[in-house]
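Report on the structure given below.
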2 protein chains.
Amino acid sequence: MTNTPRNRTGSRIKSVEIAFTVLDAVRKNDRPSVTELADELGHSKSTIHNHLRTLENEEIIVRETNGYRLSLQVLDMANDVRDQVANYDVIVDAVDELADETGEIAQFGLEEHGQVSYLYKAKGNQAVETASRVGGKQPMYSTSLGKSILSFLPSSRQEEIVTEAAFERKTPKTITDPARLYEELEEIAERGYAIDDEENIEGLRCVAAPVRSGTSVVGAVSVSGPASRITDDYLHGELAESVQRAANVIELNTKFS
Amino acid sequence: MTNTPRNRTGSRIKSVEIAFTVLDAVRKNDRPSVTELADELGHSKSTIHNHLRTLENEEIIVRETNGYRLSLQVLDMANDVRDQVANYDVIVDAVDELADETGEIAQFGLEEHGQVSYLYKAKGNQAVETASRVGGKQPMYSTSLGKSILSFLPSSRQEEIVTEAAFERKTPKTITDPARLYEELEEIAERGYAIDDEENIEGLRCVAAPVRSGTSVVGAVSVSGPASRITDDYLHGELAESVQRAANVIELNTKFS
DNA sequence: AAATCTGTTCTCCAGAGGCGAACCCTGTTC
DNA sequence: GAACAGGGTTCGCCTCTGGAGAACAGATTT
């Protein structure tokens, strides 16, 4: 739908891909039925049926009278994800405190498949609602989290991501020129924090600082608030300091495995 | 490993099953590598490699320098699960309040694949730690949640579950005789709540009440606490009332779709 | 009871996918 | 710096899988 899933090199397993297409459809439709899915996905009923049978057997989906839905096993899997990310608890504490301190939205994100994925989100007492949700993804080039991570990534990976990026214009201020991005990344690397001045969502300004472990970036922390409240001075001054402090706290409390 | 996944009727898709085996191994091992997984799962390296490639392409797993791990997309999927369960917010509120009121652990669970799965868990201020976690599963016959759900299920489904149950003795008090279970289920149906008197975990007593929507059970709410604190009177009196009230609150606030 | 929905089962054949070996690449050891 | 060892990746073969479509079976509707 959006952009074609680039195929690095050969051989993905077709039936597994179909299975995940089915799973995706079950995620997004409300309790779909066999025929519904068959129509939507353009496969025969028998094919869909077999896949649903298989997924049900794996206890990933559940059959209810009115159709299929995801099973709660997915929640259990989510627990495992959090367990697998190094120092999840430390991150939670630091982000909570940052949200508390600033009153805005504080988040932690990390790079996956060339995008930022949100791992944790905390709301301060005057925080505005944002569309972002835990597990969601955003482009690297239009978010403060993304840019701060990008600027500290090894240059090979950095280029790879930039090259493959879509550079979709999300707001009038979105950076759409790679050259322009590289410039900013250098700047960020120097001063230690990145900003997003309504580049991803109109009316929203953010600051982010990278979290490093040894030589590599493991993610970044950010604060986001409405442009009306977040002045230039505040953004580059107190807020920038706060996120950097939070990033530091995480770094210091990180136990290497 | 535990009990063989009974095959209802034919044709599950083999490669999809393998894919989920791989996924499971990635869940449980800490950043496994190709060869590691190949050894563990008894498949050739190339097979595993293809599966990992596919799963990575689906952005379900992520490759890091030291091995593969689950991706944060799983967290996003978990959001969808919660969205798909009717009235998640209502449940959260009711369970939170129940935990608050009693000071113990309060939970909401529902039946999936013949077991209880925990959807939400709240801790009261004097709550003991229990092993259960959101997304986890427990037998129907040894938990108050399970029994309360079971007793209000249509008798066909009830029998089906009981017949297929393993009746593993989890503690000395676990019910392992179907006849005994049926007796208790009738009792539960009459009085409207179920108890678990150290039948699932030693030292832990629980009360649960079913949550119904129209004619069918959609799940159950429970409170769990240490046997030392939960006397018979308290269990069958105040606590039983509390869980029933909480169940009722959920029922009343349920918007039918 | 005919019609029209479902979901399920059956059969058939192209081609997919699992295996094993060969290959490559990175880091290590003399 | 050559040889080795450890991974990951690729290749080609052959079998048997899995997808399509039609036929079948329930459930509801007309």
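The values are calculated or read from the model by the stated rules, or taken from the named source; none is laboratory data. What you see is a predicted model; the values in this text were computed from it and never measured. Quick reminder, even Gly has a Cβ in these numbers, built from the backbone with ideal geometry, and neighbours come from all protein chains shown.
Listed values, structure above:
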| read-out | value |
| --- | --- |
| Top-ranked residue in the range A:233-257 [being exposed (fewer than 15 other Cβ atoms within 10 Å of the Cβ) and touching an Asp or Glu at 6+ places or on another chain (Cβ under 9 Å); ranked as farthest from A:Asp83 (Cα to Cα)] | A:Asn253 |
| Pairs where the first residue, in the range A:7-20, is more than 15 Å from B:Leu23 (Cβ to Cβ) and at the interface with chain B (Cβ under 8 Å from one of its Cβ atoms) and the second is exposed (fewer than 11 other Cβ atoms within 10 Å of the Cβ) and at pLDDT 75 or above, C-beta under 9 Å, 6+ apart | none |
| Pairs with Cβ under 8 Å, 6+ apart, first in the range B:24-51 and over 24 Å from A:Glu59 (Cβ atoms) and more than 12 Å from every other protein chain (Cβ to nearest Cβ), second of a type in the set (Phe, Trp, Tyr) and more than 8 Å from DNA strand C (Cβ to nearest atom) | B:Ser33/B:Tyr68 |
| Residue within the range B:67-76 that is more than 8 Å from chain A (Cβ to nearest Cβ) and out of contact with any Asp or Glu (no Cβ under 6 Å at 6 or more places or on another chain) present | yes |
| Boolean, B:Ile230 is part of a loop (DSSP other than H, G, I, E, B), over 21 Å from the mean Cα position of the chain (by Cα), surrounded by 13 or more Cβ atoms within 10 Å (Cβ to Cβ) and among the β-branched types (Val, Ile, Thr) | yes |
| A:Asp196 vs. criteria assigned by TED's automatic domain parsing to the domain that holds A:Glu111, exposed (fewer than 15 other Cβ atoms within 10 Å of the Cβ) and out of contact with any Phe, Trp or Tyr (no Cβ under 6 Å at 6 or more places or on another chain) | no |
| Verdict on B:Arg82 being part of a helix (DSSP H, G or I), touching a residue at least 40 places away in the same chain (Cβ under 8 Å) and either buried (at least 20 other Cβ atoms within 10 Å of the Cβ) or out of contact with any Cys (no Cβ under 6 Å at 6 or more places or on another chain) (or both) | no |
| Residue satisfying all of: in the range A:16-54; of a type in the set (A, V, I, L, M, F, W, C) and within 18 Å of B:Gln73 (Cα to Cα); nearest to DNA strand D (Cβ to nearest atom) among these | A:Ile18 |
| Out of A:Leu150, A:Leu145, sole residue that is part of a helix (DSSP H, G or I), away from chain B (no Cβ under 11 Å) and within 11 Å of the chain's Cα centre (by Cα) | A:Leu145 |
| Within the range A:85-106, tally of residues that are under 24 Å from A:Glu129 (Cβ atoms), more than 14 Å from chain B (Cβ to nearest Cβ) and in a helix (DSSP H, G or I) | 10 |
| Boolean, B:Asn66 is modelled with pLDDT under 95, more than 21 Å from A:Asn50 (Cβ to Cβ) and not hydrophobic (A, V, I, L, M, F, W, C) | yes |
| Residue, farthest from DNA strand C (Cβ to nearest atom), within the range B:14-48, restricted to residues that are among the acidic types (Asp, Glu) and more than 22 Å from A:Leu52 (Cα to Cα) | B:Asp30 |
